[in-house]
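The values are calculated or read from the model by the stated rules, or taken from the named source; none is laboratory data. Quick caveat: nothing in here was measured; it's all calculated off a predicted structure. Cβ placement follows ideal geometry from the backbone for every residue including glycine, while neighbour counts extend to all protein chains displayed.
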Amino acid sequence: MSSTSSEKQILGLHHVTAIAGDPQSNIEFYTRVLGLRLVKLTVNYDDPDTYHLYYGDKLGHPGSILTFFPWPNAPRGIRGTGQATTVSFLIPENSMQYWKDRLKENYVKVEEQGKRFKNEEEFLTFYDNDDLKLELVSTGSNTRSAFTPWEKSPVPEQWAIRGFHSVSLSEEGYERTASLLTDTMGFRLVDQEGERFRYETGPGGASSYVDLLCQPELLRGEVLVGTVHHLAWRTPSDEEQKAWREDVIKAGCNATPVIDRRYFHSVYYREPGGVLFEIATDPPGFTVDEPEEKLGSSLRLPPWLESSRKQIENALPKIELT
């Protein structure tokens with residue numbers, strides 16, 4: 001581990017970004033079915049004719065944020081190696097039956113229910129409208145204290161999603177990725193079961209986990225509709241982010257300069273297996289351009305795109321917020 005890595009920590013997952021198809025059905029699934037809050041309606045700053053939809057808890061705390069780029073005319077992607085293939089949410093203890101019933105009532109495709117890691121973790125695998133693979137995980141502990149329920153959610157607070165539990169990466173071979181996680185980024189191997197290797201970072205517990213799945217039999221993944229584009233790790237400050245950037249470059253990764261994403265600052269790089277990683281700062285957060293009570297209620301653009309607002313609005317698909 002580098003000298004700088006020993007003086008700082010990746011705090012856990014910041015956000016996960018995936019590719020959707022139709023933006024309206026995406027909004028309805030994540031707000032009406034899963035009960036998350038649309039905390040920001042904006043655009044992809046690198047492609048302003050595309051929405052960027054952010055879902056999370058009441059305030060969009062880091063560790064609760066799932067975001068989407070909707071590509072209505074793109075084909076379905078291929079889930080495979082070199083990708084984050086499963087996004088797992090934490091749910092409260094004894095809430096699995098509620099969620100099984102809720103998903104069934106909403107005609108959601110459910111694949112599997114089971115237990116892992118000495119039966120300490122119960123999971124339910126299901127898919128959104130675009131075939132993105134999701135999980136609900138119940139552990140009986142580690143419900144995120146930073147989670148702030150959204151009082152207007154259709155899901156009662158006692159059953160509500162508590163942010164992320166983990167993300168699973170499918171890899172052709174896991175060793176080089178594991179080396180980056182442990183030797184450079186400060187992760188710890190905490191469990192193994194078959195092809196699944198679990199690592200945690202920071203304080204540990206839910207939202208700090210990443211599972212490496214050694215799956216050389218799978219095809220190489222292709223990032224299109226229904227797949228994860230990238231996942232972001234939390235850092236508390238710009239200073240620590242710059243230090244992490246130096247560390248991953250020393251480890252042989254090609255890292256971008258720091259990029260201003262308005263609600264956080266970002267550095268991107270690919271891990272050895274091909275998954276796009278990001279290190280994102282916790283501040284400034286989603287209330288920087290609209291108050292808490294109005295989060296996600298109107299299209300927000302960064303200052304450098306405001307002069308093109310009319311052109312951008314005309315190019316975007318029409319949506320109704322629920």
Do we have any residue at all in segment 143-163 that's under 24 Å from Gly21 (Cα atoms) and part of a strand (DSSP E or B)? no
Reported set for segment 115-126 where residues are in a strand (DSSP E or B) and either on the phi > 0 side of the Ramachandran plot or touching an Asp or Glu at 6+ places or on another chain (Cβ under 7 Å) (or both) is Lys115, Arg116, Phe123, Leu124, Thr125, Phe126
Quick check on Pro70: is it buried (at least 20 other Cβ atoms within 10 Å of the Cβ) and modelled with pLDDT of 95 or more? yes
Which residues, taken from segment 18-41, are polar (S, T, N, Q) and surrounded by fewer than 23 Cβ atoms within 10 Å (Cβ to Cβ)? Gln24, Ser25, Thr31
Extreme residue, nearest to Ala243 (Cα to Cα), among residues of segment 274-322 that are among the aromatic types (Phe, Trp, Tyr) and surrounded by 12 or more Cβ atoms within 10 Å (Cβ to Cβ): Phe277
Does Phe197 qualify as being of a type outside the set (Lys, Arg), buried (at least 21 other Cβ atoms within 10 Å of the Cβ), modelled with pLDDT of 95 or more and touching a Ser or Thr at 6+ places or on another chain (Cβ under 6 Å)? no
So which residues in segment 203-229 are part of a loop (DSSP other than H, G, I, E, B) and buried (at least 17 other Cβ atoms within 10 Å of the Cβ)? Gly205, Ala206, Ser207, Ser208, Gln215, Leu218, Gly221, Val223, Gly226, Thr227
How many residues are among the β-branched types (Val, Ile, Thr) and over 20 Å from Asp130 (Cα atoms) when one looks only at segment 26-81? 2
Just for segment 270-322: of the residues that are under 18 Å from the mean Cα position of the chain (by Cα) and outside any loop (DSSP other than H, G, I, E, B), which one is farthest from Trp71 (Cα to Cα)? Thr281
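Residue-wise test of (1) under 30 Å from Thr31 (Cβ atoms); (2) within 20 Å of the chain's Cα centre (by Cα); (3) not hydroxyl-bearing (Ser, Thr, Tyr).
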| position | (1), (2), (3) |
| --- | --- |
| Glu157 | yes, no, yes |
| Leu181 | no, yes, yes |
| Phe187 | no, yes, yes |
| Arg234 | yes, yes, yes |
| Lys242 | no, no, yes |
| Ile249 | no, no, yes |
Say whether the condition of being of a type in the set (Phe, Trp, Tyr), at pLDDT 95 or above, buried (at least 20 other Cβ atoms within 10 Å of the Cβ) and not in a loop (DSSP other than H, G, I, E, B) is met by at least one residue in segment 251-265. no
Restricting the search to segment 78-102, which residues are under 21 Å from Phe68 (Cα atoms) and in a helix (DSSP H, G or I)? none
Contacts under 7 angstrom Cβ, first residue in segment 21-36 being under 17 Å from Phe69 (Cβ atoms), partner buried (at least 20 other Cβ atoms within 10 Å of the Cβ) and among the acidic types (Asp, Glu), 6 or more apart: Gly21/Asp130; Phe29/Asp128
